[in-house]
Every structure is written in structure tokens, then in C-alpha cells.
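The values are calculated or read from the model by the stated rules, or taken from the named source; none is laboratory data. No experiment lies behind these values; they were computed from the predicted model shown. Reconstructed Cβ throughout: ideal geometry from the backbone, glycine too, with neighbour counts over all protein chains shown. Each accessible area value is taken on the protein alone, full model and side chains, heavy atoms only, with ligands, DNA and RNA left out. Shrake-Rupley method; radii C 1.70, N 1.55, O 1.52, S 1.80 Å.
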Amino acid sequence: WSGLILDAAGNLYGETTAGGANGDGVVFELPSGSNTINVLASFNGSNGQNPDGGLIADAAGNLYGTTSAGGASGNGVVFELSGTGFVVAPEPASLSLLAFGAATLLFRRRRRHH
């Protein structure tokens with residue numbers, strides 16, 4: 001029902017609306033270059049059921065998603081998974097600052113040698 005997301009290391013992450021240990025769906029990882037699927041979370045009704053909204057990741061590599069059923073009221077949950085191994089790409093602004101800092105160091109070194 002939802003697409004896959006790709007981390008900076010080339011690993012794919014996704015979810016299934018059914019299956020898993022309880023038949024209520026899972027969040028999974030397919031490591032780059034692997035034919036093995038790692039189940040990161042298995043839903044059981046009380047922690048959610050039938051994830052179908054897709055996954056997003058934050059700057060710390062935590063994954064977030066929603067389920068269409070389950071939870072305390074049976075109407076679904078918003079979930080967070082931490083420690084998944086999701087590799088976050090550096091922010092473009094951080095790369096610019098890093099390049100600026102490196103250029104500044106090179107300029108200062110050249111001035112000292114002349």
C-alpha cells in the first residue's frame with residue numbers, strides 16, 4: 001500500500017499491511033546488497049494494526065508511520081521506531097559549512113607559508 005524509503009547507505013525500509021507474527025503487519029528493512037528482510041517491528045493490535053501510510057525518517061534516523069486500526073481505541077496509532085539503523089544523509093547546509101571551513105583552513109595555511 002505504501003512505497004519504500006531509501007537511507008543514505010542504500011538500505012530500503014517499508015511496511016506491510018498484513019503478515020508478521022500476528023498477521024497485523026510489519027515494518028521491515030532490506031539491507032543494501034542483501035536478499036534478507038529484517039523485521040523491525042511486528043504489529044499485534046494493541047500496538048497498532050495494518051500500517052499503510054508510509055514511513056518517514058527524522059534527522060536522528062527514527063522512523064515514523066501510522067496504522068489504520070489497532071491501538072487503545074481500535075482506530076489506529078502513530079508510531080515511532082528508534083534504533084533501526086536508518087542512515088541519515090548529511091544536510092546540504094552542513095556540507096556547505098564543512099566546505100567553507102576546509103577552504104578557510106587551506107587559505108590560512110597558505111598565508112602562513114608565504
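Quick notes
- From the list T36, T66, T84, the lone residue that is of a type in the set (S, T, Y) and not in a loop (DSSP other than H, G, I, E, B) is T66.
- Restricting attention to segment 57-91, the residues being open to solvent by 60 Å² or more (accessible area, probe 1.4 Å) and hydroxyl-bearing (S, T, Y) number 4.
- Taken over segment 1-17, the criterion of being assigned to a loop (DSSP other than H, G, I, E, B) and surrounded by 15 or more Cβ atoms within 10 Å (Cβ to Cβ) is satisfied by S2, D7, N11, T17.
- Any pair with Cβ under 9 angstrom, 6 or more apart, that starts in segment 1-19 at a residue that is farther than 10 Å from S32 by Cα and polar (S, T, N, Q) and ends at one that is open to solvent by 50 Å² or more (accessible area, probe 1.4 Å) and modelled with pLDDT under 95: S2/D52; S2/G53; T16/W1; T17/W1; T17/D52
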